[in-house]
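Just below is one structure, and these are the notes that go with it.
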Amino acid sequence: MPDFIYTARMQNGTIHKGTIAADTKIAAIAAIRAHHMQPITVQSAKKGGMNMDIKLPGSDKVKPRDLVIFTRQFSVMVNAGVPIMRSLSILKEQSESPALQKVLEVVTLDVQGGVSLSDALAKHPKVFSQIYVNMVRAGEAGGILDKVLGRLAFQQEKDSALRGKIKSAMVYPSVIAGVTGIAFFVLMTFIVPKIGTILTQMSSAELPIYTRGLLAVSNTMKQPGFLLSIAVILPVVITLFRRYIKTEKGRYQWHSLLLKIPVLKTIITKAAIARFARIFASLMGAGVSIVGAIETTAGAIGNAVIEKELLAASKAIQAGGSLSAELGQSKHFPPIVAQMLAVGEETGQTDTVVIKVAEFYEEEVDAAVGALSSIIEPIMIVVLGGMVGLIAVSVFGPITQLSTSAG
């Protein structure tokens, strides 16, 4: 029987460390709880030798695809009448994600100990978002957990597809930008210096200003300290930038800047509206209150500026206003969204109407992403051609002058 090293909190609040023998980790946790202690960490005791377990980056992260599969299968099993405890145990065993297996193991134990499913999921915010937990909680309260899980899986699939389309649209520009940067660096550090030496030796006259400028840049890039300074400064700048945009002020300013870039503004706005409509409809359909649905959805939009507008709308609704009226005054939500919401409020079918809004704007995002791809491609070609043309003019201009003088 293997040993497990554990850290647990006793009833008086003190922390106790010890070793316990059990067949499995689940049995070890159950035994610890039987001694009226709350497990904090439970790990297998390694006997002899060196621990060769290597933890790869991202290995402890649950992928969206794995979570979608779990949610879809969980919905089917609950709908078929399989008890929640048994469903969780079965899904844990058959999951292909080690990270999800660990989470489900803890969730299963919590549910077994009397904790509600939503509260057990809420203990793992990196895996189960606030939207996920709130929808499960609403499903538990209304006795429609199977339907809510089905909605969740569908909403996650749509959200993942939307993100995938935007990311795939940025692959081509990223590749072109990378190739352009590498080509420019090779030209400036290997080709241009040799040609510059030849031009200097052949011409006694002063070289054109653009050629001298190109050679000056090339000489700077050749210096060993240049690459060293880039290798030191660039990571520092990136780290400081990431830390700044994680602050409330920095995040708001960064998102405001993104909404001022012409083409990017359209994609960000339409994607945010599509996500808002899809998630809001799922929450409303699960029985979450309109204020709770707005506040939960606002945090999942992905843009602080639009999030601020939604939170302001929720406060106005609490004061007696309507969502359609508030969004009608928005700077980022088009009038058609407010008008369709007004129809939903009048007919009592807000979630159904909002689903139509989500479907419409998901198609709009597809069109906008396609337009962005068609715009970026010629821009990148022009930039690349301009760089090559500048180098060509700077190099062949003096050669042409030398040929004319020799003639």
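The values are calculated or read from the model by the stated rules, or taken from the named source; none is laboratory data. Being a predicted model, the structure only gives us computed values, none of them experimental. As a convention, Cβ positions derive from the backbone with ideal geometry for all residues, glycine included, and neighbour counts pool all protein chains shown.
Points to keep in mind about this one:
- For Ala277, the conditions (1) of a type in the set (Gly, Ala, Ser); (2) crowded, with 18+ Cβ neighbours inside 10 Å; (3) modelled with pLDDT under 85 all hold with the exception of (3).
- Among the residues making up the range 114-161, those that are under 18 Å from the mean Cα position of the chain (by Cα) and more than 20 Å from Ala274 (Cα to Cα) are His124, Pro125, Lys126, Val127, Phe128.
- Positions within the range 330-351 being under 29 Å from Leu259 (Cα atoms) and either part of a loop (DSSP other than H, G, I, E, B) or hydroxyl-bearing (Ser, Thr, Tyr) (or both), in sequence order: Ser330, Lys331, His332, Phe333, Pro334, Thr350
- The set of residues in the range 301-329 that are part of a loop (DSSP other than H, G, I, E, B), of a type outside the set (S, T, N, Q) and surrounded by fewer than 19 Cβ atoms within 10 Å (Cβ to Cβ) comprises Gly302, Ala319, Gly320, Gly321.
- For the range 35-51, the candidate set comprises residues that are closer than 15 Å to Gly113 by Cβ and part of a strand (DSSP E or B); within that set, the residue that is modelled with the lowest pLDDT is Ile40.
- Of all residues in the range 90-103, those that are small (Gly, Ala, Ser) have Cβ atoms under 8 Å from Cβ atoms of residues that are surrounded by fewer than 19 Cβ atoms within 10 Å (Cβ to Cβ) and not in a helix (DSSP H, G or I), 6 or more apart or on another chain, in Ser97/Lys63; Ala99/Ser59; Ala99/Asp60; Ala99/Lys61.
- Some residue of the range 105-116 being in contact with a Leu (Cβ under 7 Å, 6 or more places away or on another chain), part of a helix (DSSP H, G or I) and either at positive phi or of a type outside the set (A, V, I, L, M) (or both): yes
- Among the conditions (1) part of a helix (DSSP H, G or I); (2) within 36 Å of the chain's Cα centre (by Cα); (3) touching a residue at least 24 places away in the same chain (Cβ under 8 Å), the only one that Ser394 does not satisfy is (2).
- Members of the range 168-207 found to be outside any helix (DSSP H, G or I) and under 19 Å from Val395 (Cα atoms), listed by number: Ser203, Ser204, Ala205, Glu206, Leu207
- In the range 280-300, the residue that is nearest to the chain's Cα centre (by Cα) out of those that are surrounded by fewer than 21 Cβ atoms within 10 Å (Cβ to Cβ) and over 13 Å from Ser129 (Cβ atoms) is Glu295.
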